[in-house]
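Some notes on the structure that comes next.
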Amino acid sequence: MKKTRRQNLKAVPATTNGTTETVDNDDVSERIRNTLAAAIGEGALKPGTKILEEAIAEHFGVSRTVVRGALGVLESDHLLERKRNRGTFVAEPSIEQAKNLFEARRKLERMLLELVILRATSDELDALERLTDEEEHIHRHGDEKSKTVLSGKFHIVLADLAGNPVLTEMLSKVVARLSLVMALYEEDRKDDCGADHHRMIVTALKAKDLAKAQDLMDHHLADIEGRVRLTEGQGDRHTFMAVLENFS
């Protein structure tokens, strides 16, 4: 028994250090994921861009094993894709995937509006309306990065008001993947997400008019979908243009 007790006592520091190291690695892994996801969402990392594991490891001061773990999470979220013997790249959604994502978003947004009508307070809707004021100001005076960051914020804040974190997470992931669709297939480039549409949706929500809010959302999302041309040629064109931008 004494021998076992001594062995257990000696094991404690090793376990504690191992736990600390694991926590640190988890924290860095999350920072890596957030950094890459933000860069993809804002268009800094375009579809088809190769992810440089060694550069990430050097920048964050971690091993490539930690980097691969972070990349694996983004692969499961379909923001990255691993190509055999070539490495990891920013995902290039297929036309079929793009159609499925647009359909999923339409269904989720309508469902979320139902819950917002039931659960959102007047103060929360007032705050959402102030966000549309911010959108309009930034689209008049802001830089391109600010416009890109803001473009999907309204929808995530709106989803939060539904009071269902699972649905909010689902929408966040769909919106993130649609940023790749827009980068790859968008034909009619715009730097806004329809601030005027957002304001009208908030007005309908305040009036407790679910049918009107859903109709406005459908129109708004149809406007976004109308900017893309889901053809292989359009995807190839965007990829080629990205190469020209990098080398000219």
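Brief remarks on what is shown
- A 1.4 Å probe run over the stretch 21-112, with the rest of the protein chains in place, finds 56 Å² accessible per residue.
- Packing-based ranking of 152-161, 86-95 yields 152-161, 86-95, ordered from highest to lowest mean Cβ neighbour count within 10 Å.
- Quarter the surface of the alpha carbon convex hull of the stretch 43-163 and you get the mean projected area, 10.3 square nanometres.
- Only the Cβ atoms of Lys and Arg (+1) and of Asp and Glu (-1) were treated as charged; on that basis the dipole of the stretch 90-145 about its Cα centre amounts to roughly 380 debye.
- Net charge of neighbours whose Cβ lies under 13 Å from the Cβ of L108, counting Lys and Arg as +1 and Asp and Glu as -1: +1
- Of the peptides 209-218, 54-63, 113-122, the ranking by mean beta-carbon count within 10 Å, highest at the top, reads 209-218, 113-122, 54-63.
The values are calculated or read from the model by the stated rules, or taken from the named source; none is laboratory data. The shown structure was predicted, so the numbers you read here are calculated from the model rather than taken from an experiment. With ideal geometry, Cβ positions are generated from the backbone for all residues, glycine too; neighbour counts draw on all protein chains shown. Ligands, DNA and RNA are stripped out before the accessible areas are found, and what is left, the full protein with its side chains, is counted by its heavy atoms. Shrake-Rupley method; radii C 1.70, N 1.55, O 1.52, S 1.80 Å.
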